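Have a look at the structure below before the remarks.
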Amino acid sequence: MANIITDETIEYVGILAKLELSEEEKEQAKKDMGSMLDYIDKLGELDTAGVEPMSHVFPVNNVFREDVVTNGDDRENILKNAPEEKDGMFVVPRTFD
Amino acid sequence: MEKQYETVIGLEVHVELATKTKIFCGCSTAFGGAPNTHTCPVCTGMPGSLPVLNKQVLEYAVAVGLATNCDITKYCKFDRKNYFYPDNPQNYQISQLYLPVCRNGKVEIETEAGKKFIGIHEIHMEEDAGKLVHDEWEDCSLVDFNRSGVPLIEIVSEPDMRSAKEVIAYLEKLRMTIQYLGASDCKMQEGSMRADVNLSVREVGAKEFGTRTEMKNLNSFKAIARAIEGERERQIDLLESGEKVIQETRRWDDNKGESYAMRSKEDAQDYRYFPDPDLVPIVLSDEFLDEIRAKQPEFREEKMVRYKEEFDIPDYDIEIITGTKHMTDIFEAAVALGAQPKKVSNWLMGETLRLLKENDMEPEDIRFSPENLAKLIALTDSKSINGSVAKEVFEEMFKNDVDPEKYVEEKGLKTVNDEGALRRTVEDVIANNPQSVEDYRNGKEKAIGFLVGQTMKAMKGKADPGMVNRILKELL
């Protein structure tokens, strides 16, 4: 494997993804990420000079909707997704700015 | 010699667009609905839901870009900005990083040293987050997603401003332009226009920028001016005492008049932007841009020139009236209904401004219709009501937008034009006030004022003071 993922990197990626990994999982993730990056490197071997980066597979552009209200009050259903609700709102852990 | 410092300021301005629906779903953007009643799977980030761009958002963003002399990006895309926060249900915000819709613009502002251009780095479209409410009783927070997905544009300036005055002038300019376009009401107090201030100081003549801080939570022009002064001093004090400015985000507390650090660069977030695969690219044709261009309104500068040519009103009046879109709308509509421009202007400049100030309101909050203002002016023109009654009616109009014709009718405020009745009243007043009559005849001109007042009182204010004056002089 050409790409070696350091402990710091896996720690950092874990923080970004809000994942707590066990030591075992960390080792496995390091290997997985390394082989993924190896694969990406393979793509890097191609000459892509002059090729526009592509973000969509199909040549579809300009999909719009008109500015018309189509949704009504669906709070009851939406709140079914809340782990807990109070006063018509989603309850989350206390959060400060 | 004491060191001289220069302040360098750049602004990030968020503007909530005046669309009826959210940026990516058909939920209403109406303000003040009960919590979560304007939500759906898209704006609450449910898996599998798909966003579709509101065309009006694109049109507003392009219109603002054209009005601020930007290059429009003809191939633009949306990107995901990844971060975790409870008000952000998708765990990413849909925004634009790589190909923002507008770039390289500039607007002209007036400064004490003359005209100056402020560069606009870019304008991008994005979605607003939900609102967090902190529960006072239990150890939790509550989320209302009504605001989640409300369309925003973020206007990022170049670091071209050097003082609080320039910042205010730039913000006024943006606000006016966007209001004239009808793209937003730009009310800072209500959060439909929000500004973050990036500020650094450097010694006068220095080539490099100093380390900057970003200040948030500024919700009035006054707070912005105070925060800029406060931050400038804080940074200079640090440098003077040999310390360093730390690059960080600070929160301004306008009550205390000071800021405190929110987060520093060390734990700055890594947003891992990438193109949003759920939203297809936007390709803007020349025809589309021409259409938007053709729809651009008459902006303030053009309006000021035209008013000067067309209407006989003072420059100062023109400046105040064109200073808010809402005022120009009322002015123009009332004039179109046949009211004399000078009279419309007088009502706006006099009673309207007085009542706005008294009630701590902004010109945008004016509720009376131009139709009713034109009717009121017609009532005074025809001498159906006198000046003081007109002011009384206007106060009612200002409060409740009453129809002045109906109001005058219902309250019986019409001027009594029956000369016989008026003559009889004047005769009574003369008979009952011999002292004043004698004073007047002995050359005390002022005494007539008292007699006019007594007559008006007897007529319950519903007489034409000019007529009262004439009859009094005749009988005396």
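What follows is calculated from the coordinates using simple rules that are stated; it is not laboratory data. Given the structure is predicted, the values throughout are model-derived calculations rather than measurements. Here the Cβ is made from the backbone with ideal geometry for all residues, glycine too, and neighbour counts use every protein chain on show.
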Cut-off of 10 Å, at most 15 other beta carbons, DSSP loop: longest stretch of chain B lacking such GluC sites (Glu not before Pro): B:299-444
R0 of 35 Å, Cβ-Cβ distance A:ASN62-A:PHE96: FRET efficiency to nearest 0.05: 0.25
Pairwise FRET efficiency - B:THR211 versus A:VAL69, Cβ, R0 = 60 Å, nearest 0.05: 0.80
Loop-located trypsin sites (Lys or Arg not before Pro) in the stretch B:340-420 whose Cβ has at most 13 other Cβ within 10 Å (DSSP): B:ARG367, B:LYS383
Neighbour cut-off at most 11 other Cβ (10 Å), DSSP loop, GluC sites (Glu not before Pro), chain A: A:GLU20, A:GLU45, A:GLU66, A:GLU84
Number of partner chain Cβ atoms within 10 Å, mean per residue of A:54-62: 5
Under 5 Å, built H, 5+ apart or other chain: amide partners of B:THR111: B:LYS116
Using alpha-carbon coordinates, inclination of helix B:447-458 to the longest axis of chain B, degrees: 80 degrees
Distance between the stretch B:69-84 and the stretch B:345-373 - C-alpha centres, whole angstrom: 40 Å
Gain on full stretching of the segment that runs from B:GLU364 to B:LYS187 - 0.36 nm per residue minus C-alpha separation: 62.9 nm
Charge dipole magnitude, Cβ of K and R +1, D and E -1 - the stretch B:326-439, Cα centre, debye nearest 20: 260 debye
R0 of 56 Å, Cβ-Cβ distance B:GLU291-B:GLU427: FRET efficiency to nearest 0.05: 0.20
B:ASP128 long-range amide H proximity, modeled H, under 5 Å: B:GLY149, B:VAL150, B:LEU152
Karplus (6.51, -1.76, 1.60) ³J(HN,Hα), θ = phi - 60°, over the stretch B:183-196, in Hz, Gly and Pro reported as x: 7, 6, 8, 6, 9, 5, 4, 8, x, 7, 9, 10, 10, 9
Distance between modelled label sites at B:GLU302 and B:GLU351, nm, 7 Å Cα→Cβ extension: 3.3 nm
Value of Rg to Rh for chain B (Rh from inverse mean 1/r over Cα pairs, i.e. Kirkwood): 1.10
Cα convex hull of the stretch B:260-322 - mean projected area over all directions, nm²: 10.6 nm²
Shielding of B:138-145 by partner chains, average beta-carbon count, 10 Å: 6
Per-residue mean of C-beta atoms belonging to partner chains within 10 Å, peptide B:31-38: 5
Alpha carbon centroid spacing (whole Å) that separates the stretch B:187-203 from the stretch A:20-96: 30 Å
Euclidean distance between Cα centres, the stretch B:122-162 to the stretch B:210-285, Å: 15 Å
The stretch B:207-255: trypsin sites (Lys or Arg not before Pro) in DSSP coil with no more than 11 other Cβ atoms inside 10 Å: B:LYS207, B:LYS244
Lone cysteines, chain B (no partner Cβ under 4.7 Å): B:CYS25, B:CYS27, B:CYS40, B:CYS43, B:CYS76, B:CYS140, B:CYS186
Label-to-label distance, nm, for residues given as B:GLU12 and A:GLU27 (7 Å Cα→Cβ offset): 4.2 nm
